[in-house]
Amino acid sequence: QVQLVESGGGLVQAGGSLRLSCAVAELAFSRHVMAWFRQPPGKEREFVAAISWRSSSTFYANSVKGRFTISRDNAKNTVYLQMNSLKPEDTAVYYCAAKQQLSGYDTSDYDYWGQGTQVTVSS
């Protein structure tokens, strides 16, 4: 059974940093596009960042560009999201997701999802 397990969320002050991890099991990890989405309180889930199979391409939402960095370690079956200069509006549940095709990387059309990790940024 495919499992995506996020970790690293928590409470941080504005301007601080967090690093999220998503460990993946029972999946051909190196053959899947990985992404991070988030769902702020009371809002719909939104795209944050995506990374191609071999890290050759990365994509970011405009709201996080220059502050967040997505990376992956195919040897460890893990994808990361380094979040710097955090703002209160970054408060959300963060989800990692996986699919094989890069097309539509910023839509919710992913095959596998984690359970989410809460990130709260205080002002």
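Yes/no matrix, rows are residues, columns are (1) in contact with a strand residue (DSSP E or B) (Cβ under 6 Å, 6 or more places away or on another chain); (2) farther than 18 Å from Ser7 by Cβ:
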position	(1), (2)
Leu27	no, no
Arg54	no, yes
Arg72	yes, no
Ser122	yes, yes
Ala28 is checked against (1) open to solvent by 60 Å² or more (accessible area, probe 1.4 Å); (2) without any contact (Cβ under 8 Å) to a residue 12 or more places away in the chain; (3) not β-branched (Val, Ile, Thr) and fails just one. What number does that condition carry? (1)
Which of (1) open to solvent by less than 40 Å² (accessible area, probe 1.4 Å); (2) free of Cβ contacts under 8 Å to residues at least 40 places away in the same chain; (3) touching a Lys or Arg at 6+ places or on another chain (Cβ under 9 Å) does Ser55 not meet, given it meets every other one? (1)
Scope the range 83-116; condition part of a strand (DSSP E or B) and open to solvent by less than 60 Å² (accessible area, probe 1.4 Å); matching residues: Met83, Ala92, Val93, Tyr94, Tyr95, Cys96, Ala97, Ala98, Lys99
So Leu4, is it surrounded by 15 or more Cβ atoms within 10 Å (Cβ to Cβ) and either under 20 Å from Tyr112 (Cα atoms) or basic (Lys, Arg) (or both): yes
The one condition Val79 fails out of (1) open to solvent by 30 Å² or more (accessible area, probe 1.4 Å); (2) outside any loop (DSSP other than H, G, I, E, B); (3) over 24 Å from Ser123 (Cα atoms) is (1)
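The values are calculated or read from the model by the stated rules, or taken from the named source; none is laboratory data. Small disclaimer: the values here were computed from a predicted structure and weren't measured. Neighbour counts are summed over all protein chains in view; Cβ atoms, including those assigned to glycine, are modelled from backbone coordinates with ideal geometry. The accessibility values were calculated without ligands, DNA or RNA, using every heavy atom of the protein model including side chains. Shrake-Rupley method; radii C 1.70, N 1.55, O 1.52, S 1.80 Å.
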